[in-house]
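The values are calculated or read from the model by the stated rules, or taken from the named source; none is laboratory data. From a predicted model like this one, the values you see are computed outputs, not experimental measurements. Neighbour counts are summed over all protein chains in view; Cβ atoms, including those assigned to glycine, are modelled from backbone coordinates with ideal geometry. Keep in mind that these areas ignore ligands, DNA and RNA; they rest on the heavy atoms of the full protein, side chains included. Shrake-Rupley method; radii C 1.70, N 1.55, O 1.52, S 1.80 Å.
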Amino acid sequence: MKSSFYREKWNALIRETPDPEAIRRLSRQIAYSFLDYYLKDCRYEEEYIDLLCDMATFSEEPKLTDPGTQAIFGIIVESLCDDFEELQTLTYNKVMTQVISYCRSLPAGGEIDQSLKNFGIYSPKDILDRINKIRANDNSLSPRESADKILLLSRVTIGADVAITSVIIERLAGIFPEAEILLVGDGRLKEIYGGNPRIRIRKVLYSRRGGLLGRLSSWLLVLKIIQQETDSCRPGKTVLVDPDSRLSQLGVLPLIPIDDYFFFDSRSDASLNTKMSMPELANSWLNRLTGEEGSCYPGVWIPETYTGHATRFCRGLKENGVRKIIVVNFGVGGNPRKRVGRRMEEKLLLTLLREPDTLILLDKGFGEEELLNSNSLIDAVEKQGYPALHILFDSGNNFPFDKGGRGFADGKPGGGIIGVQSGIGEVAALIANSDEFIGYDSACQHIAAALKIPCLTIFAGSNNMRFIRRWSAYGQESCNIIHVDTLTDPASIDVDDIITRITHVRESREP
């Protein structure tokens, strides 16, 4: 048996005091071995998945079990989901079916097991039969039918919610003007959707870095919300739209009877145009689903709490000599492959600041690593003689300059860099009041596109053309990318070439 090699290593490892780093290395080796067999001839070695599930659930200590979970989701699942090919979609469904079946058999998985049985799902075959039926389902959501309530699952990541979920909200709000729209997802969604009175948000936290059972427990919370919402509505007048959400593990977990369930199969290449972006795919799917031809761009609805403060802040900058405000974000959401590197980031900032009266608002990002990197970049810019400032930007803070420019180096803030630490709502409001956005592939590129702000994305971390097309920003203003191959030979990346290409794109769109 192929897995005996790793099983013996695992048994030897846990006979002693478990070492988190050793567990991390072994889990990665197992995950990549699974992909080795799969890439060679599409062979599915289920023993490797079972072993990773063992490793992800053997202890109550997250530092010991998280490596197994990350190997499943961060290596195997991510590889299968980023290709947008039918075979990989089918394999993902098989992997998740095996993971779910493993978890329901554990003593701690009793609620998961019972909830699946409530849907008539008793075996792995039942899970696969259901998802295959959903993917083949051609049911329609006719505008002629009334709906009291539309339940919509979040895509979990802010960028995907802007690119996909906002399109679904806008289209269905127009088709069903009387229906209540309920969005189930992270509480941070209120920061970018809270300004739309049509949307009610029910909070469910899904940790993309949580444990195996923890990720599935989010599904149990969603089930309870759906039950509450359907109980308060007329029978048959509630529909659920699933935009390929992690909350349902991309449709594998059931949530509502199939007749009331509408699944956007965003990873399939069976019938959708390979050149389309995610917003375009969502529009195409909605046209088929509703029988209504239409199209809309992504949108955000930022509460006035954020927009008012950002407007006053940016107006003050312009009154103090700033000609152009550029929001820059070098966050990568924990995926280091998306980052080109420190040399490029520093050189880009200095290149932008050579433009007269240009001020950069550098979003410091989230987490200690991004914060340290941003602070280091600001220090480097300041050493080159440019004014620099660090601020915590929220609605409780006042505008940091007076009319004499005091508080920003020794003169007026006609140019320089301000490091901004804030939440996603404040960042979105600052982008809305800026002249341009530049950054890596992240939520901010989609927010900028939705706000009609010219956007340039430094797209690294993938050489898959379909993935890049799917996830590039899409909006009414110019949305350009600079693709950087950080995978093939990172050492050969030429920073000057990247900066020249960025300059070319920016000058090409100037009026």
Unmet criterion (only one of (1) in contact with a helix residue (DSSP H, G or I) (Cβ under 7 Å, 6 or more places away or on another chain); (2) open to solvent by less than 20 Å² (accessible area, probe 1.4 Å)) for G211
(2)
Considering segment 467-488 alone, what residues qualify as being open to solvent by 50 Å² or more (accessible area, probe 1.4 Å), charged (D, E, K, R) and within 28 Å of T89 (Cα to Cα)?
R469, D485
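Got a sec? Which of S508, S442, S492 is open to solvent by 10 Å² or more (accessible area, probe 1.4 Å), touching a helix residue (DSSP H, G or I) at 6+ places or on another chain (Cβ under 9 Å) and among the small types (G, A, S)?
Numbers: S508 fails: touching a helix residue (DSSP H, G or I) at 6+ places or on another chain (Cβ under 9 Å); S492 fails: touching a helix residue (DSSP H, G or I) at 6+ places or on another chain (Cβ under 9 Å).
That would be S442, the only listed residue that is open to solvent by 10 Å² or more (accessible area, probe 1.4 Å), touching a helix residue (DSSP H, G or I) at 6+ places or on another chain (Cβ under 9 Å) and among the small types (G, A, S).
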When only residues in segment 105-158 that are open to solvent by 70 Å² or more (accessible area, probe 1.4 Å) and part of a loop (DSSP other than H, G, I, E, B) count, which is farthest from C233 (Cα to Cα)?
S105
Considering each of L52, L80 in turn, give the residue that is open to solvent by less than 40 Å² (accessible area, probe 1.4 Å), in a helix (DSSP H, G or I), at pLDDT below 95 and aliphatic (A, V, I, L, M).
L80
Can you name every residue in segment 15-63 that is among the aliphatic types (A, V, I, L, M), in contact with a Leu (Cβ under 7 Å, 6 or more places away or on another chain), touching a residue at least 24 places away in the same chain (Cβ under 8 Å) and more than 21 Å from G214 (Cβ to Cβ)?
L26
Looking at (1) under 30 Å from K125 (Cβ atoms); (2) buried (at least 20 other Cβ atoms within 10 Å of the Cβ), which is the only condition L221 fails?
(2)
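Need a quick list: strands (runs of 3 or more DSSP E) entirely within segment 435-501 having at least 2 residues that are over 19 Å from the mean Cα position of the chain (by Cα). Before the answer, list the steps.
Values: elements: 436-440, 455-460, 479-484.
Correct list: 479-484.
How about segment 292-333: which of its residues are β-branched (V, I, T), closer than 28 Å to A160 by Cβ and not in a helix (DSSP H, G or I)?
Step one: filter segment 292-333 for residues β-branched (V, I, T), giving 300, 302, 305, 307, 311, 322, 325-328, 332.
From what's left, closer than 28 Å to A160 by Cβ: 300, 302, 305, 307, 311, 325-328, 332.
Within segment 292-333, V300, I302, I325, I326, V327, V328, V332 meet the criteria.
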Got a number for residues in segment 339-368 being in contact with a helix residue (DSSP H, G or I) (Cβ under 9 Å, 6 or more places away or on another chain), among the acidic types (D, E) and assigned to a helix (DSSP H, G or I)?
2
Looking only at residues in segment 13-24 that are in a helix (DSSP H, G or I), within 19 Å of T57 (Cβ to Cβ) and open to solvent by 40 Å² or more (accessible area, probe 1.4 Å), which one is modelled with the highest pLDDT?
R24
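Do we have any residue at all in segment 10-27 that's among the acidic types (D, E) and over 28 Å from the mean Cα position of the chain (by Cα)? Steps first, please.
Taking segment 10-27 first, the residues among the acidic types (D, E) are 16, 19, 21.
Subsequent filtering for residues that are over 28 Å from the mean Cα position of the chain (by Cα) retains 16, 19.
Looking for residues that are among the acidic types (D, E) and over 28 Å from the mean Cα position of the chain (by Cα), one finds at least one in segment 10-27, hence yes.
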Would you please name the residue that is surrounded by the most Cβ atoms within 10 Å (Cβ to Cβ), looking only at residues in segment 161-203 that are among the small types (G, A, S), in contact with an Asp or Glu (Cβ under 9 Å, 6 or more places away or on another chain) and touching a residue at least 40 places away in the same chain (Cβ under 8 Å)?
G185
Long-range neighbours under 8 Å by Cβ, at least six apart or interchain, first residue of a type in the set (V, I, T) within segment 241-261, second part of a loop (DSSP other than H, G, I, E, B) and surrounded by 22 or more Cβ atoms within 10 Å (Cβ to Cβ):
V241/F264
Residue in segment 298-337 that is modelled with the lowest pLDDT, counting only those that are closer than 30 Å to D494 by Cβ, buried (at least 21 other Cβ atoms within 10 Å of the Cβ) and not β-branched (V, I, T):
G331
Which is touching a Leu at 6+ places or on another chain (Cβ under 9 Å) and farther than 13 Å from T290 by Cα, of G185, G194?
G185
Quick one: what pairs do we get from segment 344-362, first residue over 13 Å from V327 (Cβ atoms) and of a type in the set (S, T, N, Q), second modelled with pLDDT of 95 or more and part of a helix (DSSP H, G or I), C-beta under 6 Å, 6+ apart or different chains?
T351/I499
G414, sole failed condition from (1) open to solvent by less than 30 Å² (accessible area, probe 1.4 Å); (2) at pLDDT 90 or above; (3) touching a strand residue (DSSP E or B) at 6+ places or on another chain (Cβ under 9 Å):
(2)
